[in-house]
Amino acid sequence: MNNFLLISLVWVAALGVDKVLGEAARWHPLVGFGRLAAGIERQCNRPGPAGVKRLQGLGCWCLLVLPPVIAMAYLDYLLFRFSLVLTVGLHIAVLYWAVGWQSLREHIAPIGEALTVGDLDEARRRVGYLVSRDTDDLTAEQILSAGLETTLENSSDALFASLFFYAVAGPAGVVLQRLTNTLDAMWGYRNSRYQYFGWWAARSDDVCNFIPAQLTALGFSLLAGSRWGLRCWIQQGWRWKSINAGSVMASGAAALGLNLGGAASYHGAAVLRPALGHGEAPAIGDLARSVKLVNSQLAIWIGLMMVLGLGAGLYTELGLRL
């Protein structure tokens with residue numbers, strides 16, 4: 001079996017486990033990692049000059065990320081020498097822990113259900129689990145925009161990026177991507193506490209997820225079936241405060257035929273954000289459509305990897321015969 005087919009096999013198996021089991025309710029590695037990171041940050045993020053705080057943040061990032069990545073690479077090496085079956089099992093388990101395919105749907109569906117029955121308070125509470133903006137006074141349209149934006153952004157961070165890093169760097173790459181993304185979500189804020197301490201966490205995530213985000217945006221742009229996908233990806237996404245998030249949200253909104261972005265409040269401060277996408281205002285049914293859009297791109301990724309695998313196998317077979 002060639003590498004492309006093996007990669008597609010691990011992708012499908014890990015996603016299948018995620019489909020059946022969903023996100024682990026207990027003993028999830030990322031939950032434990034987040035608690036450890038929070039404790040280390042409380043101890044190490046001390047007042048001081050900007051340069052010192054940057055070094056503190058860099059040191060904590062290295063302490064939290066590098067040992068697990070190195071340990072995973074070494075474990076993968078040892079298992080590969082001992083048993084291919086155990087190696088593949090490790091790969092499937094690591095990728096399952098990393099992807100958030102089913103959890104994405106499970107967190108989005110209750111928002112639509114609450115809005116359908118007119119329960120704005122419940123919808124605000126549900127969307128508050130997913131976004132960093134203030135949610136207490138959101139209108140129904142703003143709740144929908146927040147839910148759609150986080151679905152599109154997290155499809156890259158918690159699904160396609162993990163698949164990409166597994167394909168190029170194996171389980172150690174998956175661990176690097178997910179831990180980097182987790183620390184960015186915890187420390188990557190431009191406020192007084194994290195502006196300098198979280199600098200490396202934010203920049204490393206920008207670099208780490210740039211290629212997966214652009215590949216995801218390309219997929220959404222092609223699925224848009226019109227010029228608006230590519231136009232919104234480049235003209236809106238690349239001018240967003242985060243090129244990774246902006247690219248995915250703008251192209252995804254265009255693929256859905258929706259206008260997102262606009263006003264939002266963060267920690268009591270109102271912010272007027274640029275527009276994302278092109279089309280109509282969001283409706284309740286668009287939450288389910290956004291999940292279907294993600295699934296459509298996922299099917300394309302798996303299909304392309306299988307085609308590459310079959311093509312590589314055919315090329316090898318013909319080469320051997322010649």
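Which condition does N191 not pass, out of (1) touching a residue at least 40 places away in the same chain (Cβ under 8 Å); (2) touching a helix residue (DSSP H, G or I) at 6+ places or on another chain (Cβ under 9 Å), if it passes all the others?
Single failed check for N191: (2).
Against the definition (open to solvent by 100 Å² or more (accessible area, probe 1.4 Å) and either farther than 17 Å from G173 by Cβ or at pLDDT 90 or above (or both)), how does R35 come out, yes or no?
yes
Condition check ((1) modelled with pLDDT of 95 or more; (2) touching a Pro at 6+ places or on another chain (Cβ under 9 Å); (3) of a type in the set (D, E, K, R)) across all residues:
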residue: A158; (1), (2), (3): no, no, no
residue: G173; (1), (2), (3): yes, no, no
residue: L176; (1), (2), (3): yes, yes, no
residue: T180; (1), (2), (3): yes, no, no
residue: A185; (1), (2), (3): no, no, no
residue: P212; (1), (2), (3): yes, no, no
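So which of D18, D76 ends up being touching a Pro at 6+ places or on another chain (Cβ under 8 Å), in contact (Cβ under 8 Å) with a residue 60 or more places away in the chain, assigned to a helix (DSSP H, G or I) and of a type outside the set (A, V, I, L, M)?
One residue alone meets the criteria, D76.
Taking R203, is it in a loop (DSSP other than H, G, I, E, B) and closer than 22 Å to L36 by Cα?
Criteria not met by R203.
Of all residues in the range 71-115, count the ones that are open to solvent by 60 Å² or more (accessible area, probe 1.4 Å) and within 22 Å of the chain's Cα centre (by Cα).
4
From D136, D184, which residue is among the acidic types (D, E) and part of a helix (DSSP H, G or I)?
Selected residue: D184, the only one of D136, D184 that is among the acidic types (D, E) and part of a helix (DSSP H, G or I).
Could you look through the range 13-32, keep only residues that are surrounded by fewer than 12 Cβ atoms within 10 Å (Cβ to Cβ) and of a type in the set (G, A, S), and pick out the one that is nearest to V175 (Cα to Cα)?
Only one residue tops the list, namely G32.
Anything in the range 151-167 that is open to solvent by less than 10 Å² (accessible area, probe 1.4 Å) and either outside any helix (DSSP H, G or I) or polar (S, T, N, Q) (or both)? List them, or say none.
T151, S155, S156, S162, listed by residue number.
Does G147 fit the bill of being crowded, with 24+ Cβ neighbours inside 10 Å and under 21 Å from A109 (Cα atoms)?
Yes.
Go over the candidates D184, D157, D134, D76 one by one and state the one that is charged (D, E, K, R) and out of contact with any Ser or Thr (no Cβ under 8 Å at 6 or more places or on another chain).
Within the list D184, D157, D134, D76, the selection yields D157.
For the range 127-163, what are the residues that are under 11 Å from the mean Cα position of the chain (by Cα) and either of a type in the set (S, T, N, Q) or closer than 16 Å to W97 by Cα (or both)?
Across the range 127-163, the qualifying residues are T150, T151, N154, S155, S156, D157, A158, L159, F160, A161, S162, L163.
The values are calculated or read from the model by the stated rules, or taken from the named source; none is laboratory data. Bear in mind that the values here come from a model prediction, so they are computed numbers and not experimental data. Neighbour counts are summed over all protein chains in view; Cβ atoms, including those assigned to glycine, are modelled from backbone coordinates with ideal geometry. Accessible surface areas use protein heavy atoms only, side chains included; no ligands, DNA or RNA. Shrake-Rupley method; radii C 1.70, N 1.55, O 1.52, S 1.80 Å.
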